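Single-structure report; data block below.
The values are calculated or read from the model by the stated rules, or taken from the named source; none is laboratory data. Note that the structure is predicted; figures quoted are calculated from it, not measured. Positions of Cβ are backbone-derived with ideal geometry, glycine not excepted, and every protein chain shown enters the neighbour counts. Heavy atoms of the whole protein, side chains included, go into the accessibility calculation; ligands, DNA and RNA do not. Shrake-Rupley method; radii C 1.70, N 1.55, O 1.52, S 1.80 Å.
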Amino acid sequence: MKIHMQVMIAVGLGLKRNWHIFFGIIAGIIAGILLNGHQNTIIFNALTFVGQAFIRLIQMVVIPLVVSSVIIGIASIGDNKQLSKFGTKMVIYYGIITSMAVIIGLSLSLLVQPGQGADQYIDAQAAGEIQQQVAATIENQRENILNIVLEFLPKNPFSAIAMGDMVQILVFALIFAIALSRIGEIGRPVISFFESVFAATMKVTDWIMYFAAPGVFALTATSIASFGLDIFSSISKYLFVVTVGLAIQLFVVYPLFLKIFSKVPVFMLYAAMTEAMMVAFGTASSSATLPLTIACCEKRGISHKIASFVLPLGATLNMDGTALVQVVAVFFLAQAYGVDLTAFMILQICVLTIVASSTCAGIPGTGLITIVLVLNGLGLTPEQLIAGFALLYTMDRITDMLRTMLNVTSDAVVAAAIADNENEINYDLLNNPDSYNEVI
Ligand code: ASP
């Protein structure tokens, strides 16, 4: 073997696995560009297989992990006063972060008008009909919101598990866990059972993480290969707004949030979360990343008590990155179709986006599915907006990767803030990246 190849392999093996993932992403982008337009080749199909296999394996552990970690998280908090204190704080913190994301998305959309260049792709007659329809409809939103809330309640927890309905699973796990924490000793065997489930699930995750680098490489390559590069320019403003908005959230909102509500040093937290952030980017799934999010937090200073309670709930309910993208996407469509939005409609879009983002499952692409809730509020369906929607879908994977990274990071930000408030954080460990335990 040539000497430079040997050096490269040695360097590669010597690097921590998070750098392998990083190189996986870079190599995936390059391979994706090379494969663009060659979607029916053996290489593309093989990469699709590897990427999908990685996602399936990691999704396999999500439900046992969510259920067991919520149950032992709540049961280990035990005392109910403390639980409601954590719970209330968590909802407030997640609410603040998601509202900020919505405000940023809204402001940038009004400022930059991302949909304006896209009207050339929209049929004028369709646009006229949409404009009239939006102007005519706005009445039955209240009914919609009640239906949405109703859908949170599982009729049958096992069918919720079979369907992978994360919100319903969480609602059941929460109620069940609170009950377990109230029945004393008789609940102990069940709690022990879930402790074993949690430990075994984390072990399986460890094994799956050996495939993180090839998995992320394959996922990135296939998604980049699927874009037509010329469509890129038609929604470049949209991509620009989304990217700037998410960057503001990451580099301004989270640091400010941590400064106001805790003394957690933001860049230390980001250092601790590196692997989770990269895997979130590569998989575009906050549920799939959850095992790693928990591992990064717990192995680098945040207590199990907080991490096991706040992170699974966050991975399911806190989707601030998604909320930001949804707001920008709705404005993109409205501007592309020339729809005039009243102040009331804008407010309605913001509120519905908060609901729509939190009903999102932590899997790829659901952000553009639950956006239907927001459009319903305006009396529209995606079918009516088909041309505009097609544009958004083409680029969805890219924004999905970015927004998922934010969704995961903000879960850790909130967990760290609560851990700080409750003295549940080991700063000696968090502030010392050299002593970090490997998570993958
Ligand atoms: N992919 C996102 C997540 O898992 C959800 C979405 O916005 O589609 O966090």
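Can you find a residue that is more than 27 Å from I74 (Cα to Cα), open to solvent by less than 10 Å² (accessible area, probe 1.4 Å), touching a residue at least 60 places away in the same chain (Cβ under 8 Å) and assigned to a helix (DSSP H, G or I) anywhere in segment 280-299? Before the answer, list the steps.
Applying the first criterion (more than 27 Å from I74 (Cα to Cα)) to segment 280-299 yields 281-284.
Filter once more, keeping what is open to solvent by less than 10 Å² (accessible area, probe 1.4 Å): 282-284.
Among the residues that remain, those that are also touching a residue at least 60 places away in the same chain (Cβ under 8 Å) are: 282-284.
In the following step, the residues that additionally are assigned to a helix (DSSP H, G or I) were identified as 282-283.
Scanning segment 280-299 turns up at least one residue that is more than 27 Å from I74 (Cα to Cα), open to solvent by less than 10 Å² (accessible area, probe 1.4 Å), touching a residue at least 60 places away in the same chain (Cβ under 8 Å) and assigned to a helix (DSSP H, G or I).
Scan segment 295-305 for residues that are more than 26 Å from I26 (Cβ to Cβ) and either small (G, A, S) or within 15 Å of the ligand (Cβ to nearest atom) (or both) and jot them down.
If the condition is that a residue be more than 26 Å from I26 (Cβ to Cβ) and either small (G, A, S) or within 15 Å of the ligand (Cβ to nearest atom) (or both), then G301, S303 are the ones that fit.
Pick from L324, L290, L269: which is within 12 Å of the ligand (Cβ to nearest atom) and over 25 Å from V67 (Cα atoms)?
Every option except L324 fails the conditions.
Can you tell me which residues in segment 331-364 are away from the ligand (no atom under 16 Å from the Cβ) and of a type in the set (G, A, S)? Step through it out loud before you land on a result.
At the first step, the residues of segment 331-364 found to be away from the ligand (no atom under 16 Å from the Cβ) are 331, 333-351.
Those that are away from the ligand (no atom under 16 Å from the Cβ) and of a type in the set (G, A, S): A334, A336, G338, A343.
Among S68, S76, S107, which is over 18 Å from the mean Cα position of the chain (by Cα) and at pLDDT below 80? Steps first, please.
Values: S68 fails: at pLDDT below 80; S107 fails: at pLDDT below 80.
Every option except S76 fails the conditions.
Is one or more of the residues making up segment 188-196 open to solvent by 60 Å² or more (accessible area, probe 1.4 Å), in contact with a helix residue (DSSP H, G or I) (Cβ under 7 Å, 6 or more places away or on another chain) and touching a residue at least 12 places away in the same chain (Cβ under 8 Å)? Break it down stepwise before answering.
Taking segment 188-196 as the starting set, the residues that turn out to be open to solvent by 60 Å² or more (accessible area, probe 1.4 Å) are 188-189, 193, 195-196.
With the extra rule that they be in contact with a helix residue (DSSP H, G or I) (Cβ under 7 Å, 6 or more places away or on another chain), the set shrinks to 195.
Still in the list and also touching a residue at least 12 places away in the same chain (Cβ under 8 Å): 195.
Checked segment 188-196: at least one residue is open to solvent by 60 Å² or more (accessible area, probe 1.4 Å), in contact with a helix residue (DSSP H, G or I) (Cβ under 7 Å, 6 or more places away or on another chain) and touching a residue at least 12 places away in the same chain (Cβ under 8 Å).
When you look at S308, is it polar (S, T, N, Q), buried (at least 22 other Cβ atoms within 10 Å of the Cβ), within 16 Å of the ligand (Cβ to nearest atom) and in a helix (DSSP H, G or I), yes or no? Give the derivation first.
Details: polar (S, T, N, Q): yes; buried (at least 22 other Cβ atoms within 10 Å of the Cβ): yes; within 16 Å of the ligand (Cβ to nearest atom): no; in a helix (DSSP H, G or I): yes.
Spelling it out, it is not the case that S308 is polar (S, T, N, Q), buried (at least 22 other Cβ atoms within 10 Å of the Cβ), within 16 Å of the ligand (Cβ to nearest atom) and in a helix (DSSP H, G or I).
For (1) modelled with pLDDT of 75 or more; (2) open to solvent by less than 60 Å² (accessible area, probe 1.4 Å); (3) out of contact with any Ser or Thr (no Cβ under 6 Å at 6 or more places or on another chain); (4) over 15 Å from Y210 (Cα atoms), each residue gets a yes or a no:
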| site | (1), (2), (3), (4) |
| --- | --- |
| F23 | yes, no, yes, no |
| I26 | yes, no, yes, yes |
| L34 | yes, no, yes, yes |
| A46 | yes, yes, yes, yes |
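Go through (1) closer than 19 Å to A118 by Cβ; (2) away from the ligand (no atom under 12 Å from the Cβ) for I371 and report which single condition fails.
Every listed condition holds for I371 apart from (2).
State all residues of segment 272-287 that are touching a Lys or Arg at 6+ places or on another chain (Cβ under 7 Å) and either charged (D, E, K, R) or more than 12 Å from the ligand (Cβ to nearest atom) (or both); if no residue qualifies, say none. Spell out how you get there, then give the answer.
Filtering segment 272-287 for residues touching a Lys or Arg at 6+ places or on another chain (Cβ under 7 Å) gives 272, 284.
Within segment 272-287, just A272 meets the criteria.
Name the single residue that is surrounded by the fewest Cβ atoms within 10 Å (Cβ to Cβ) among those in segment 153-167 being part of a helix (DSSP H, G or I) and touching a helix residue (DSSP H, G or I) at 6+ places or on another chain (Cβ under 8 Å). Outline the logic, then answer.
So in segment 153-167, the residues part of a helix (DSSP H, G or I) come out as 157-163, 166-167.
Right, trim to touching a helix residue (DSSP H, G or I) at 6+ places or on another chain (Cβ under 8 Å) and you get 157, 160-161, 166-167.
Working: P157: 17, A160: 21, I161: 19, M166: 24, V167: 19.
My answer is P157.
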